[in-house]
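Visitor: After the structure tokens below, expect a handful of questions from me.
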Amino acid sequence: MSDRLVRFPGASWQDIEALPRSPSWTVQRAIFHLLDEPAPTLADPFPVDDPLPGAYELHLPADDVTIWYTVTVHEGQEVISIQHVRLDT
């Protein structure tokens with residue numbers, strides 16, 4: 001597989017920027033990690049009831065943040081699309 005790409009469709013990048021500084025940095029570091037391992041062992045298939053292939057929910061408990069993203073292949077390249085980021089309150 002060649003290089004992976006990260007996409008931020010819709011308002012997902014704005015969701016990240018709207019987080020307080022510490023959780024925002026945690027999310028950005030996690031996204032860089034997804035470039036190395038798009039489906040880390042901590043990510044759960046999403047939705048849990050009827051998992052979609054390539055759809056994941058990654059909860060980062062230290063900062064109470066959850067990232068929902070998909071991993072697809074387009075023209076031989078993996079594309080990670082950050083769908084939504086939320087601070088869990």
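Visitor: Within segment 39-62, work out how many residues are out of contact with any Phe, Trp or Tyr (no Cβ under 8 Å at 6 or more places or on another chain) and within 18 Å of residue 5 (Cβ to Cβ). Talk me through it step by step, then tell me what you get.
Guide: Step one: filter segment 39-62 for residues out of contact with any Phe, Trp or Tyr (no Cβ under 8 Å at 6 or more places or on another chain), giving 40-42, 47-51, 53-54, 59-62.
Filter once more, so that each one left must be within 18 Å of residue 5 (Cβ to Cβ): 40, 54.
The number of residues fulfilling the criteria is 2.
Visitor: List the residue pairs whose Cβ atoms are under 7 Å apart, where the first residue sits in segment 10-38 and is closer than 12 Å to residue 60 by Cα, the second is assigned to a helix (DSSP H, G or I) and of a type outside the set (A, V, I, L, M, F, W, C), and the two are 6 or more positions apart or on different chains.
Guide: 24/17
Visitor: Go through segment 37-67 and give me each residue that's under 16 Å from residue 89 (Cα atoms) and part of a loop (DSSP other than H, G, I, E, B).
Guide: Within segment 37-67, 61, 62, 63, 64 qualify.
Visitor: Inspect all residues belonging to segment 21-36 and state whether any of them is open to solvent by 40 Å² or more (accessible area, probe 1.4 Å), part of a helix (DSSP H, G or I) and among the basic types (Lys, Arg).
Guide: Of all residues in segment 21-36, those open to solvent by 40 Å² or more (accessible area, probe 1.4 Å) come to 21-22, 25, 28-29, 32-33, 35-36.
Checking the rest, the ones that are also part of a helix (DSSP H, G or I) come to 21-22, 25, 28-29, 32-33, 35-36.
Next cut, among the basic types (Lys, Arg) only: 21, 29.
Checked segment 21-36: at least one residue is open to solvent by 40 Å² or more (accessible area, probe 1.4 Å), part of a helix (DSSP H, G or I) and among the basic types (Lys, Arg).
Visitor: Does residue 82 satisfy being among the aliphatic types (A, V, I, L, M), open to solvent by less than 80 Å² (accessible area, probe 1.4 Å) and modelled with pLDDT of 95 or more? Give the steps one after another, and end with the answer.
Guide: Values: among the aliphatic types (A, V, I, L, M): yes; open to solvent by less than 80 Å² (accessible area, probe 1.4 Å): yes; modelled with pLDDT of 95 or more: yes.
Yes; evaluated as a whole, the condition is true for this residue.
Visitor: Just one of (1) surrounded by 12 or more Cβ atoms within 10 Å (Cβ to Cβ); (2) farther than 17 Å from residue 9 by Cβ; (3) of a type in the set (Gly, Ala, Ser) trips up residue 55, so point out which.
Guide: Exception for residue 55: condition (2).
The values are calculated or read from the model by the stated rules, or taken from the named source; none is laboratory data. Everything quoted here is computed from the prediction, not taken from an experiment. Reconstructed Cβ throughout: ideal geometry from the backbone, glycine too, with neighbour counts over all protein chains shown. Heavy atoms of the whole protein, side chains included, go into the accessibility calculation; ligands, DNA and RNA do not. Shrake-Rupley method; radii C 1.70, N 1.55, O 1.52, S 1.80 Å.
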